[in-house]
There are 2 protein chains.
Amino acid sequence: MRNKRIKSAVTGLLLLTAVAVADDVTVNHDIIAVELANNAVLLRERALLDNLSVELVESLTTEVGPRRVGTAGDKRAIAWAEAKFKELGFDRVWTEEVPVEHGWIRGEASAEIISPYLHNVVMTALGYSVGTSGDLVGEIVEFADLEALEAVPEGDSLKGKFAFVSYSMADYVPESGERRMAGYGKGTQARSRGHVAAAKRGAEAIIIRSVGTDNNRYAHTGSGYGYEDDLKKVPAAAISPPDAILIKNMLRRGEPVVMKMNMSSEITGPTRGANVIGEITGRSGSENYLVLGAHLDSWDEGTGAIDDGAGVGSMMAAAAFIGQMEQRPKRSIRVLLFAAEEIGLVGARAYYERHEDELDHHLLGAEVDGGGGRAHTLVSGVGEASVPLVREMHKLVAPLGIAWSDANDATGASDMSVLGRAGMPALNFMQNSNDYFMYHHTPNDTFDKIIPEDMRYLTAAYATMFYLAAEMEVDFRK
Amino acid sequence: MRNKRIKSAVTGLLLLTAVAVADDVTVNHDIIAVELANNAVLLRERALLDNLSVELVESLTTEVGPRRVGTAGDKRAIAWAEAKFKELGFDRVWTEEVPVEHGWIRGEASAEIISPYLHNVVMTALGYSVGTSGDLVGEIVEFADLEALEAVPEGDSLKGKFAFVSYSMADYVPESGERRMAGYGKGTQARSRGHVAAAKRGAEAIIIRSVGTDNNRYAHTGSGYGYEDDLKKVPAAAISPPDAILIKNMLRRGEPVVMKMNMSSEITGPTRGANVIGEITGRSGSENYLVLGAHLDSWDEGTGAIDDGAGVGSMMAAAAFIGQMEQRPKRSIRVLLFAAEEIGLVGARAYYERHEDELDHHLLGAEVDGGGGRAHTLVSGVGEASVPLVREMHKLVAPLGIAWSDANDATGASDMSVLGRAGMPALNFMQNSNDYFMYHHTPNDTFDKIIPEDMRYLTAAYATMFYLAAEMEVDFRK
């Protein structure tokens, strides 16, 4: 029976009708009607077999590539997204301009150890760093983490020196209970505030060990957006993990380690990006809608396949699959592709400012910004009254290997958290991030890192949950 | 008993004496005397706990780094090796100059796709390629492998084009029975002869997918040493696997893919390197000796940790451990650190020319040039009369997880095969190459890729076998 159903589902979209099918879960049909549950199962099984999400990532990374906000690549990405939404049959497609305070030119970055041993160092500018105005030479002073650097009294004790924060991102921090993200949080402290701490102690530059879990010889970029006006603007750069290890091994020999660096980065004037929105308009109109988010921008050295092509592909595909059902869902679904996430959720904040008055019309939201790995746990962030319903809906994605969490504290990932923290009901599908933090923000974030089956599982989870939520007249508000 | 023995062995070198110990193998003591077997076990267990091999790789990669033949790094490596041999108590240490026909300047290499989509391409010059004399623009024409390129009739049909050999190195070729190396052999066909095949068909350049098993965004360099005098010298370069995949994905869309490349590589005049030799002089003098080989040179973008720092570290350490026994072994052991392996066994050939008349004095040889992974199978390459003895010796390394092969066709790996093919008795310890072909010849070949325990296992295997062979009056000749 199960095989037959799957086979039917893949023979064409028109077969995604409300035929009665058995399933390996027992849904309470007082909460989710038989026909709706059956449709959800058909949709889920079809999504598992349809490679659209992967094809979208391939298209975006091949035909557009890197797309940092304000660049020509970003403009091509916006045009790509509009065209794809239309091609996929979305009913309404539009863009909303996002002003960005500064543009930035990456330029070139090079570094070498000139004493006690000669070595090239793989280094990359952190986003929105100033350049070095030619060669900059300094002795490296190591700090275990940002806290250790901030423990140095303010003044000029680091004059002539490069502050080197050697913190190695923990893959797993036991106390946090959440795999990977906790170590990332600690790692990004020096990435986002290190240049200020270094400047206050007179350092010539701040160098951090890349925030990542790999030992590949790439530096992970990322944003340290924002200098303080009354402080010296010190160049900020990340070095690859192997180079950080090499420097630590030199330092433990006891001799001064001297580095020369040269970065031609440059902060430029105001620029702009755009949030791109596609809507599958529901049978009851556009006034209320569920929102599926991802960010369209990427860093500039890879092609942004896992960060966040995977989110773009899975969310566009999930909504497209729902739009390809026999009839439109009751309520609308909007895919929000945010601008300028990488420089601090700038697109999401602009969206919130523009739509603050309509927050109540955002019935439920979620975002993928953790790569193309499978979801492993569903966390709701809804009113207590609707928790039992979401739990019932969860039964229809549980066969994808997704557990249920009772926390009910989800606010939506990344951009979506701006809306979630403001009160919008949200779901978080916690993902297996696979090797996300091995690749993200490096030249190595390319299409070949996408695992197609995992992407299909991820997409199926979102399609199923949001189809169910769009078909039901439930108020998820807290 | 076992625990006690290990404990004794690590308390100090002086405890490596011929105390009677039990072991988990049954050795025929008519072939290997009790005392000798016991010493071998003590040596093996001590080597498993001593990190010297790893420390040597750390020292070489930190204090010297890249060391392509003829460069300043190579000269520092030669001085490093001489000093280390002496420090480790080798009795005789010397160098033998190796003339090299050409030097080479890598210069810079950059490439981008300029149509139909704009992309940077990660590319590296293949060793000893000519440069491009400024920007070179060409349409990419894909060939599945060198054979496909060579199937094009000679002439000028590829004028204005870049020949792109997209062969992806197979990790395992079923017919070969030998993991990894077979795919490498096929991959290196285009790397070593592609520039000739391309020139004979009028192509402007030869571009190959990197010969490696990874999907990291590094190009693997390697040598295509040697242009033919009467042919146009076309630039030869490797691109990273993700870039090769990207280009294939563009090509299947049906539009011409046009690439711009620029390489400032330059072939220069004659240069030189040196083989560095360290000897543990046996009780019966220097006239006859067993030889442990590795190559001291490396490619120039990483620090040559796995290729071939691992060989240098394991072979120096294995011989040093033998030299630290209570008395010198009966026969001498020489560690041969070869120059210029990477450009075609140039150091090994020079060694052979110089020592051809003394080939009979080389009693047994082996080389490590496959990274720091554990040995999994021992293959002998000795006279039939001594096979039973080597089999008996094998029992003392079998506890390291090493199988026995009946093939008896070993010639020694890499450099050592020059001597092995000329008739020197040899052993091959086939290794688990781990991720050797993911890292080798890239910027990513760095110390952090060494797995310390595996290096200790590898070193213990060589120390044990060569100690036994040095203590016994056996003629391994064929």
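The values are calculated or read from the model by the stated rules, or taken from the named source; none is laboratory data. Computed from a predicted structure; not experimentally measured. Counting neighbours? That spans all protein chains shown, and the Cβs are built from the backbone with ideal geometry, glycine included. For the accessible areas, the whole protein counts, side chains as well, though only heavy atoms, and no ligand, DNA or RNA atoms are used. Shrake-Rupley method; radii C 1.70, N 1.55, O 1.52, S 1.80 Å.
The table that follows gives values for the structure above.
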{"item": "Built amide H within the under 5 Å cut-off of B:Leu290, gap 5+", "result": "B:Ser332, B:Ile333, B:Arg334, B:Leu363"}
{"item": "Cα Rg, Dmax, the stretch B:266-392, angstrom units", "result": "16.0, 53"}
{"item": "Two-decimal Rg to Rh for the stretch A:271-320 - Kirkwood Rh, Cα set", "result": "1.06"}
{"item": "Amide H partners (placed H, <5 Å) of B:His102, local residues excluded", "result": "B:Thr271"}
{"item": "Using a 7 Å Cα-to-Cβ projection, A:His102 label spacings across copies, nm, ascending", "result": "4.7"}
{"item": "Protein accessible surface hidden between A and B, which excludes ligands and nucleic acids, total in Å², probe 1.4 Å", "result": "2400 Å²"}
{"item": "Span from the the stretch A:72-107 Cα centroid across to the the stretch B:89-118 one, whole angstrom", "result": "43 Å"}
{"item": "D (Stokes-Einstein, µm²/s), Kirkwood Cα radius, the stretch B:184-253, 0.692 mPa s at 37 °C", "result": "258 µm²/s"}
{"item": "Karplus 3J(HN,Hα) series, Hz, for the stretch B:94-111 with 6.51 cos²θ - 1.76 cosθ + 1.60 (x for Gly, Pro)", "result": "8, 10, 10, 5, 10, x, 10, 4, 9, x, 7, 10, 5, x, 9, 9, 9, 8"}
{"item": "Inter-copy spacing of A:Gly344 label points, which lie 7 Å from Cα along Cα→Cβ, given in nm from shortest upward", "result": "5.8"}
{"item": "The stretch A:267-393: relative contact order as a whole-number percent, Cα under 8 Å and 6+ apart", "result": "37 percent"}
{"item": "Solvent-accessible area per residue, Å², over the stretch A:293-358 with all protein chains present [probe radius 1.4 Å]", "result": "24 Å²"}
{"item": "³J(HN,Hα), Karplus 6.51/-1.76/1.60, whole Hz, each residue of the stretch A:445-451, x for Gly, Pro", "result": "7, 10, 4, 4, 7, 6, 9"}
{"item": "Backbone HN-Hα couplings from phi across the stretch B:138-145 [Karplus 6.51/-1.76/1.60, Hz, Gly and Pro as x]", "result": "x, 7, 7, 10, 8, 10, 5, 6"}
{"item": "Degrees between helix B:72-87 axis and first principal axis of chain B (Cα, 0 to 90, nearest 10)", "result": "10 degrees"}
{"item": "Net +/- balance of residues flanking A:Asp91 in space, Cβ distance below 15 Å, scoring K and R +1, D and E -1", "result": "+4"}
{"item": "The stretch A:29-149 - Rg (one decimal) and Dmax (whole number), Cα, Å", "result": "24.4, 74"}
{"item": "Innermost chain B residue relative to the axis carrying B onto A, by Cβ distance in angstrom", "result": "B:Asn216, 3"}
{"item": "Reference-scaled alpha-carbon Rg (2.2 N^0.38 Å with N residues) for the stretch B:94-163", "result": "1.53"}
{"item": "Nm distances between copies for B:Lys86, ranked from closest, using label points 7 Å along Cα→Cβ", "result": "7.7"}
{"item": "Sequence-separation-based contact order of chain A, relative, with Cα cut under 8 Å and 6+ spacing, percent", "result": "21 percent"}
{"item": "Long-range HN-HN contacts of B:Gly383 with modeled amide H, under 5 Å", "result": "B:Arg477, B:Lys478"}
{"item": "DSSP beta bridges in chain B [antiparallel fraction, %, rounded to 5]", "result": "55 percent"}
{"item": "Rule-of-thumb Rg ratio for the protein assembly as shown [Cα; 2.2 N^0.38 Å; N residues]", "result": "1.05"}
{"item": "All-pairs alpha carbon distance profile, the stretch A:68-114, 10 Å steps from 0, percent", "result": "19, 36, 23, 13, 7, 2, 0"}
{"item": "Gap separating the Cα centres of the stretch A:282-321 and the stretch B:436-466, nearest whole Å", "result": "44 Å"}
{"item": "Where GluC sites (Glu not before Pro) in DSSP loops with at most 15 other Cβ within 10 Å are excluded, longest remaining stretch of chain A", "result": "A:327-472"}
{"item": "Set of lysines near A:Lys330 by C-alpha distance (under 30 Å), chain-local residues within fewer than 8 positions excluded", "result": "A:Lys4, A:Lys7, A:Lys84, A:Lys86, A:Lys395, A:Lys478"}
{"item": "Cα-based Rg and Dmax for the stretch B:438-478, where Dmax is the largest Cα-Cα distance (Å)", "result": "16.1, 45"}
{"item": "Where the Cα pairs of the stretch B:324-437 fall when distances are cut into 5 Å bins, in %", "result": "2, 11, 18, 22, 21, 16, 9, 2, 0"}
{"item": "Neighbour net charge for A:Lys75 - beta-carbon separation under 10 angstrom, K R +1, D E -1", "result": "+2"}
{"item": "Normalised convex hull volume, chain A, alpha-carbon set, Å³ per residue", "result": "141 Å³"}
{"item": "Net charge of neighbours whose Cβ lies under 14 Å from the Cβ of B:Gly323, counting Lys and Arg as +1 and Asp and Glu as -1", "result": "+3"}
{"item": "Chymotrypsin sites (Phe, Trp or Tyr not before Pro) restricted to the stretch A:185-245 and DSSP loop, no more than 16 other C-beta within 10 Å", "result": "none"}
{"item": "DSSP-defined beta bridges in the protein assembly as shown - what % are antiparallel, rounded to 5", "result": "55 percent"}
{"item": "Residues in the stretch A:63-91 occluded by at least 20 Å² - accessible area, probe radius 1.4 Å, against chain by itself", "result": "A:Glu63, A:Arg76"}
{"item": "Zero-based 10 Å bins, Cα pair distances in the stretch B:361-427, whole percents", "result": "22, 53, 25, 0"}
{"item": "Crossing angle, helix A:34-49 versus chain A [Cα axis fit, 0-90 degrees, rounded to tens]", "result": "40 degrees"}
{"item": "Violating pairs (Cα-Cα greater than 29 angstrom) within the set A:Lys449/B:Lys233; A:Lys186/B:Lys248; A:Lys161/A:Lys449; A:Lys75/B:Lys260; A:Lys200/B:Lys449", "result": "A:Lys449/B:Lys233; A:Lys186/B:Lys248; A:Lys161/A:Lys449; A:Lys200/B:Lys449"}
{"item": "Accessible surface of the stretch B:393-444, 1.4 Å probe, proportion on carbon and sulfur as whole %", "result": "47 percent"}
{"item": "0 to 90° range, to nearest 10: angle between helix B:241-251 axis and chain B longest Cα axis", "result": "30 degrees"}
